[in-house]
1. Specify whether the C-alpha gyration tensor of the stretch B:129-273 places it in the rounded, prolate or oblate class, a ≥ b ≥ c being the square roots of the eigenvalues: rounded for a/c under 1.5, otherwise prolate if a/b is larger than b/c and oblate if not.
2. Looking at A:V454, B:A273, A:A206, which one has the Cα that reaches farthest to the positive end of the dipole of the protein assembly as shown (charges on Cβ: Lys, Arg +1; Asp, Glu -1)?
3. Whole-Å semi-axes of chain B's equivalent ellipsoid, largest first, each the root of 5 times a Cα gyration tensor eigenvalue?
4. Hey, got the dipole for the protein assembly as shown? About the Cα centre, +1 on K and R Cβ, -1 on D and E Cβ, debye to the nearest 20?
5. For the residue pair A:A213 and B:A49, what label-to-label distance in nm results when each label sits 7 Å from Cα along the Cα-to-beta-carbon direction?
6. Put simply, what bits of the stretch A:183-230 lose 50 Å² or more of accessible area when the other protein chains are there, versus the chain on its own (1.4 Å probe)?
7. For the stretch A:325-371, run through the trypsin sites (Lys or Arg not before Pro) and keep only the ones in DSSP coil with at most 15 other Cβ atoms within 10 Å of their Cβ.
8. For A:D488 and A:Q299, what does the FRET efficiency come to when R0 = 30 Å and r is the distance between their Cβ atoms, rounded to the nearest 0.05?
Amino acid sequence: MIALSVALLGAVALAMGLADQGPASVLRHLYLLPTLWAALTRGATGGGLVGALAGLLHAPVALPAVERDGLTSQTLDGLLSLGLPIVAGLLVGRLVDGSRARAARLAAVLAIQRRLEGPDALDDKLGAVARELYAALRARRLALLVGVNVRTAILASVPVGTLVDPDSAAAFALATGQRVSTTDLAADPRVRADEPIGSTPVRALALPLVSGAGVVGVMAVEWRGELSRAAHAAAEELAVHIGLAVENARLILRQHHFADELAEKVSAATARLRELDQAKTEFLSVVSHELRTPLTALQGFSELLLRSALTPERAQRCLVYLHTEACTLGRIVGELLDLSRIEAGRPLELKPELVDLAALIERNIEIFAAEHHEHHFRWTASGPDVMLRADPDALDRMLKNLLSNAVKYSPRGGQVCVSACPAEDQPGMIELAVEDDGVGIPADQLRRIFDKYVRVPHPETAAARGLGLGLSLVKALAEAHGGRVEVDSLPGKGSRFRLLLPEADPDF
Amino acid sequence: MRLLSSPFEPGALAPPWAPARVYAQVGGVFAMIVAAGLAWEWAGVGPSALGHALASGAVHAGLLALGWLLATDAADGWRGPVFRLGTTLVLAALAARLHPLGALVFLLVPGLLVLEARRQPRIRAIGLGGAHPAHALAGLVIGTFLGAHLLVTASRTLGYRLHVGGLPAYLSALAYDVGANALSAEWLFRGAVFSLLWRRGTFWPAALLTTALSLVRYLLDPFLPHAAEARAGAVFYLGLVGLIACALRAWSGSLLPGYLAALAFFAAYRMLAP
């Protein structure tokens, strides 16, 4: 383009020489054409250069006339024609440069916003943004450091592979929010570097990226050679846009993250509700079955007593069966009542009194040993008699539930160990532990076993009866006493339930 | 990237400038030599033309010395190079006055300057490194164009004519430009002063101030023609040459293109006679 303009200038000069009409020749205005063309295509540099060339070409025509005729209107016009192309070239070129710079800045801002809007991770997006800025600012080197702490901030640089010193100018700008500007990085006494000073200055800017949340990062730019005021202003403007765009991107990412988390929670809650619904359905079926079994027995034995003339021994045996099944029915109904109380959010009614824990355990072990001949029960107590202040019925039910589970989920011939002692790791608490060597509980099921209606399926114990309420009642009763229940279990090795209850006040 | 990788001390201050005493000493010595040369010429004692040569050589030697001090901030070891360069320049000026071939001694000065500068790494910062051939060619083309333009304008406007007063004299003048006139101007103004100012600011103020200083130096030169049109021409053309040399220095990072432009321009200028 410049070559074409220079050729046109030569053509105009030749035409003026051939026409020989002096400095006032109308052809002199033609110098403006290549000048404006150069200004429009090459900006102020091109316009100024071709304008100066036009002035120089016109000088040998205009100046002799001044020498010959002095300052007349014609010679003044010739002199004006000397400077006019330069002025026009520079002014038009400057306007062109300004509008191009503005357009480039806007394009860069748009491109950066589009890059940051994307779904990629912030690191990847910053790399693309750094490349956009590098091109838009025509920088020698450019880096974006995003984050509030220089050690953890994300770095994107062009060219890639920049080290970050925690005492660097960029770190200073990040920490203080103050910009760092230098007209020559190599000669700046504030920047410690052992490199020699180059023949061309390296201009540098470290601009804090500021958003509503404060300083969110730093844009560091280095230019080699001249740094125009327009480029400086463009860097400042882009830093403002990037600060806001980065903050927006972070908010969008956070929003996405939050939405994902929410969706995950909703999905988990839905799954849990489905599980509960299914468990309740199963529960109803189990409850019907569990209620029907003692009821059938009650009906059968009562009919036998009514219709048949039984010997006193047989009648006595029937009455024992009737009593046992009535107790089972009573226990089930009691558990259901407790459950409805817990679900309604009403506190369990407790009648606390001093309970001899050893006696309670011994009695229950006797009962269970009598019912389950195949299992071996062992009871160990450490130290003096352990006294608890608790509701004896509730404590009895808790122990029975734990023993019942131990029997249900351990094979015939299995061992059930019960122990009671002050908890070593929990001062002021009494530990009542029931341990079996049964099927154990998988780790992923451990958190669920104290929930209502939950029964952990296992092929070896599928026939075991139960409502799935025992452990949830134990938990509720323990908490009502100010204690808690814990479990350790290994599949195939067995389980150990640990009931922790507050020790009785010795002054009570 | 030094903004990220180099330690930064916000309160660090630039080292103090070399004491003015050093500049005064060097300037004083060369001013005395110039004065002695002018006094010799004025007194007309013996070959008084040698007094003129002594003063001329001392002026350029002083400019080179000033450039050296500015470029190195009068770092240790400046006395040796300044003395050797100054002595060579003064001897070259005297030799040129004694015999036309004596001007060839001027041709030693650029080489000596490069040799001396190689021992001082800070000198590279003023643009003493080599230039890309395209940049050097651009400097030659621009200098030739301005020189040709000067010839056309001066001959058409002022009635000057092309006159090469004998090849030895012409070559002697060219040698003077190579080793003293253009060299000292590029070394001091486009090298030390422009680099110093540009490094601390932007191009245009640095280029305009540097060019103004170099014009002052030409206008104060007692050995140049004093006619009004000659001074106007010097301001116009040397201003242009100076600005273009600054632009070439900034564009190429080297003093060579501007130096070649100045040499090409002066090569044309030396052909002109009233």
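1. prolate
2. Checked the options; the winner is B:A273.
3. So the equivalent ellipsoid measures 32, 24, 17 Å along its semi-axes.
4. With Lys and Arg at +1 and Asp and Glu at -1, about 4080 debye.
5. My value for the distance between the label points is 8.4 nm.
6. For the stretch A:183-230, once contacts with the other chains are taken into account, A:P189, A:R190, A:R192, A:S199, A:E226 lose 50 Å² or more.
7. Passing both the DSSP loop test and the Cβ count: no residue.
8. Using R0 = 30 Å, I get an efficiency of 0.10.
The values are calculated or read from the model by the stated rules, or taken from the named source; none is laboratory data. All values derive from a computational prediction rather than experimental measurement. Backbone-built Cβ (ideal geometry, glycine too); neighbour counts: all protein chains shown. Only protein heavy atoms, including side chains, enter the accessible area calculation; ligands, DNA and RNA are left aside. Shrake-Rupley method; radii C 1.70, N 1.55, O 1.52, S 1.80 Å.
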